[in-house]
1. Residue by residue through the stretch 262-287, note down the ones that are surrounded by 17 or more Cβ atoms within 10 Å (Cβ to Cβ) and in a helix (DSSP H, G or I).
2. Quick one: count up the residues across the stretch 173-202 that are of a type outside the set (K, R), buried (at least 19 other Cβ atoms within 10 Å of the Cβ) and under 19 Å from E139 (Cβ atoms).
3. Please verify whether the stretch 265-282 includes one or more residues that are under 23 Å from I124 (Cα atoms), within 17 Å of the chain's Cα centre (by Cα) and of a type in the set (A, V, I, L, M, F, W, C).
4. Quick one: which of A437, A454, A469 is in a helix (DSSP H, G or I), closer than 25 Å to R163 by Cα and aliphatic (A, V, I, L, M)?
5. Any idea how many residues of the stretch 157-205 are more than 17 Å from M419 (Cα to Cα) and touching a Leu at 6+ places or on another chain (Cβ under 7 Å)?
6. What helices (runs of 4 or more DSSP H) completely inside the stretch 143-216 contain at least 1 residues that are over 20 Å from R389 (Cβ atoms) and modelled with pLDDT of 95 or more?
7. Being farther than 28 Å from S358 by Cβ and small (G, A, S) narrows it down to one residue among S273, S218, S212, S229; which is it?
8. If you take the residues in the stretch 234-250 that are modelled with pLDDT under 85 and under 26 Å from the mean Cα position of the chain (by Cα), which one is surrounded by the fewest Cβ atoms within 10 Å (Cβ to Cβ)?
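The values are calculated or read from the model by the stated rules, or taken from the named source; none is laboratory data. Fair warning: this is a prediction, and the values are worked out from it, not measured in the lab. Cβ sites come from the backbone with ideal geometry, for glycine too, and all protein chains shown count toward neighbours.
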Amino acid sequence: MTSDPGALALPTEVRKQSAAERAARGRAARALVSRTSLGEWQPAADRFDPVRMLLEQEQSRIPALLPIRHARMAAGPFAFYRGAAILMAADLGSRPSTELVVQACGDAHLSNFGLFAAPDRSLIFDVNDFDETHPAPFEWDVARLITSFELAGQEAGLADAVRTRICRSVAAAYRGHMQRFAGMQDLDVWYERVDTTALQALARAQSDKQVSKVLARSIDKARTRDRWSAVSKLTTPAHDSRQFLDHPPLLTRIGLDNAARRVLDDMFRDYRSTLDDDRRELIRRYHIVDIGLKIVGVGSVGLLAFVILLQGRDADDAIVLQVKQAMPSVLEPYTSASDFAKQGHRVASGQRLMQAASDVFLGWVTGPAGRDYYVRQLRDMKWSPDVSRFDEGTLSGYAQACAWALARAHARTGDAVAMAAYLGESTRFEDAMARFAAAYARQSNADFDAFMRAVGAGTVAIAGEQEQAAIVERAFSPESLPHLLGARPGTRE
């Protein structure tokens, strides 16, 4: 581990170069990968078996939960794409890159953006999923984002020309914002936010009243999803406290016995040490009163994801934290080894680097068996879109916001001057990325077809809704919790 974890994106020798030298470096990257060639996608004759790669990835996950993961991925091509970041990472990693490195999200599809509350309680729009974050070439994130719009457009039944127009707009907006950031001072880039005022101006620029209406509803909904809404929706009064509801498979109350409480108290103490001093003092005023299992997302299913109920002065002073298992990034095999000894630390650091403002309770911890986790507050005005309800106008407006947020995140951690010089003034970048999105969407659809054939053959097991609840109830209980976390019941690790 280096003495400066997370400092790979903009090396010291680059920071000391003049703007002209950095721009020259960006233009020189075109010799490595021309902008036109970014649009090319042709799978190698010996390309990996997608189903086998997905099954191999699952070997480190909780076996009982895998049929739930498969069922979610089988919902359709876009759901499959969300759960198959490892496949695209392998494909992108097999191609030449610009070597213009940023702190990449690693899974920058359109559902991993949304609204959430900054510590000053203002609403901002940003990337909001960092399980796969790792230093990588900037174009990998852009490719994953634009392809997600192509697949979402297919799911919405949009015509080919409309999808192409939306995909080109993502790349054009990314290029335009990166050029703007290249002309800004570093501190100004760092302070920039895509807040509600910026989103409203973006909506007005779309000249589509429906976009403004959808944005207004989204902002209103996010503001109702505050800390207490998570408490009231997920818990119920119990004696002089509260406890989680039991609604498997989405939320399963595990509860606490003495062995589980000892393990969690130790982990909670270690987690607190990863927070800044002021936040450590705040969280020290709370104690754990209950725990549950919450199955979230698509690609994350099979990893442990707990919700922890904390109580302060009384039952009305409560917080819900999410404790989610962190595994090595899918990007790491195709880039460089992680600087971080703990995967939870990698996730939290990447989030802090990329987001304009991060959750005050964001931290990490390692369980007694060596499993790494990151910790954050559940909800806190978080909102992500239901893209199945988007029409052309709202999808196009949302595309602009995602491109802006991603460019801002990349400019914070990479060389905006070099990236802007590489992207240039012409439309070659957006032309190429739209072509790539269409070609790679065909690849992803073919991988989905292979996955569904494996489901039909019984190679990949899926569970129906009724079966999912039974699976979770059998697998998780107070007695199982210390074992899952790695401690022997009745012992203090």
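1. Correct list: R262, V263, L264, D266, M267, F268, Y271, R272, R279, I283.
2. 6
3. Looking for residues that are under 23 Å from I124 (Cα atoms), within 17 Å of the chain's Cα centre (by Cα) and of a type in the set (A, V, I, L, M, F, W, C), one finds none in the stretch 265-282, hence no.
4. Every option except A437 fails the conditions.
5. Matching residues across the stretch 157-205 total 6.
6. 160-182, 186-191
7. Among S273, S218, S212, S229, only S212 is farther than 28 Å from S358 by Cβ and small (G, A, S).
8. Among those that are modelled with pLDDT under 85 and under 26 Å from the mean Cα position of the chain (by Cα), it is H247.
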